[in-house]
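Written below as structure tokens is the structure these notes are about.
The values are calculated or read from the model by the stated rules, or taken from the named source; none is laboratory data. Since this is a predicted model, take the numbers as computed values, not measurements. Positions of Cβ are generated from backbone atoms using ideal geometry, with glycine treated the same way; all protein chains shown enter the neighbour counts. Note: areas computed on protein heavy atoms with side chains; ligands, DNA, RNA excluded. Shrake-Rupley method; radii C 1.70, N 1.55, O 1.52, S 1.80 Å.
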Amino acid sequence: GSGTGAIIKPIEYFRDGPCYYEVTHWIDVTSIPYKEIWKLPKEDKARVMLTSAMSLSDLHKVGIVHGDLDPGNILISNTTQGNVVTKLIDFTDSFFENDPPETIMSKDFWWSPEVALYSKAASMGKTPNPYKDYITCKADVFSLGIVFHQYCARDGIAPVCAKPQPWLEFQTGNKPRINSSVEPEFRDLISSMLEVEPDNRPTMTEVHKTLLTILQGLQGHRPPVDSTSSRKSSPSTPP
């Protein structure tokens, strides 16, 4: 794509001294804080998650792992018309599936268990890395599961864990659990994304399809429009 839609892809890189910079099309960086997303209506939350999953599904179809999913790299804002817009940014840590870099530089709180094991082996200088074959697009699914939980749980909290970081739960023989404040429509999906074993997680395409079904179900349960109030609405204002 052009890089101006929901995926804000890099269009150029340049170096200035010791630093490399990623160039993208300019976007409004004003974003709704992730800790506020849970207050949105369920339909809006579903749309935010649906757009994120659609963008990542497009990446995964061509074998690209985003590699650094966290709330700061998914910008969510309101348009002047009141619509919720989602933009996926920051591809500096992206890589092709099954060909990860020697060191994965993403933020470790949102790591999947396999990325954590891969990174630990890399730091110990293990060559070849015994976890390389486990690094696939499913790593993004786990990371996005944490983000989705933060969107849906009161005050943007992370999944319930005995350990300080979600990926560490595999050491307890459990997976991250869903906070009770997450609405029922989203609980099963998020739980499936947080499976410890990559093969047990849905693909991003499956996540997208599930969210589409959820959104359609939510739209099918809208309260009926009051015909009296509709007649009183001005022609320029939708009822």
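Between their Cα atoms, which of 45/87; 120/209; 107/132; 42/107 are more than 24 Å away from each other? Kindly include the intermediate steps, with their values, before the conclusion.
Working: 45/87 14 Å; 120/209 34 Å; 107/132 19 Å; 42/107 28 Å.
Table pairs above 24 Å Cα-Cα are 120/209; 42/107.
Within 10 Å, count the other beta carbons around each residue, average over each peptide in 40-49, 7-16, and list them highest first.
Values: 40-49: 19.8, 7-16: 12.9.
The most tightly packed comes first, giving 40-49, 7-16.
Percent of accessible area on the stretch 88-219 owned by carbon and sulfur, 1.4 Å probe?
Working: 3200 of 6300 Å².
That fraction is 51 percent.
Run the paramagnetic zone check for residue 103: 7 angstrom along Cα to Cβ, then residues of the stretch 135-162 with backbone nitrogen under 15 Å.
Those under the cut-off are none; the list is empty.
How high is the FRET efficiency between residue 127 and residue 162 when r is their beta carbon distance and R₀ equals 30 Å, given to the nearest 0.05?
Efficiency computed from Cβ-Cβ geometry: 0.35.
Where does the chain land on the Kirkwood hydrodynamic radius, alpha-carbon pairs, in angstrom?
Working: mean 1/r = 0.0521 Å⁻¹.
Its Kirkwood hydrodynamic radius stands at 19.2 Å.
Tell me the mean residue ellipticity at 222 nm calculated for the chain from its helices only (DSSP H runs of n ≥ 4, each -39500 (n - 2.57), averaged over every residue, nearest 500). Present the calculation step by step, with values, prior to reporting the outcome.
Working: 6 runs with 78 residues, N = 239.
Computed mean residue ellipticity for the chain: -10500 deg cm²/dmol.
Between residue 96 and residue 23, what FRET efficiency comes out of the Förster formula 1/(1 + (r/R0)^6) with R0 = 25 Å and r the beta carbon distance, rounded to 0.05? Can you show the working numbers first?
Working: r = 21 Å, r/R0 = 0.84.
Plugging the Cβ-Cβ distance into 1/(1 + (r/R0)^6) gives 0.75.
Just to confirm, what accessible area per residue do you get for the chain at 1.4 Å probe, in whole Å²?
Working: 13020 Å² over 239 residues.
Accessible area per residue: 54 Å².
Helix 42-61 against the longest principal axis of the chain: what's the angle in degrees, Cα atoms only, rounded to the nearest 10?
Roughly 40 degrees between the two axes.
Report relative contact order for the stretch 104-194 in percent, whole number only (criteria: Cα-Cα under 8 Å, sequence separation at least 6).
Numbers: 107 pairs, mean separation 26.0, N = 91.
Computed over the stretch 104-194, the figure is 29 percent.
Could you order the peptides 201-208, 81-88 from most to least packed, using the average number of other C-beta atoms within 10 Å per residue? Present the calculation step by step, with values, prior to reporting the outcome.
Working: 201-208: 20.4, 81-88: 15.4.
Peptide ranking by packing, descending: 201-208, 81-88.
List the lysines whose Cα sits under 16 Å from the Cα of residue 175, skipping any in the same chain fewer than 8 residues away.
138, 163
For the modelled label position 7 Å from the Cα of residue 174 along Cα-to-Cβ, which residues of the stretch 133-166 have backbone nitrogen atoms closer than 15 Å?
Within reach of a label on residue 174: 158-166.
Could you compute how much accessible surface residue 28 exposes when probed at 1.4 Å, giving the result in Å² to the nearest 10?
Estimated to the nearest 10 Å², residue 28 gives 100 Å².
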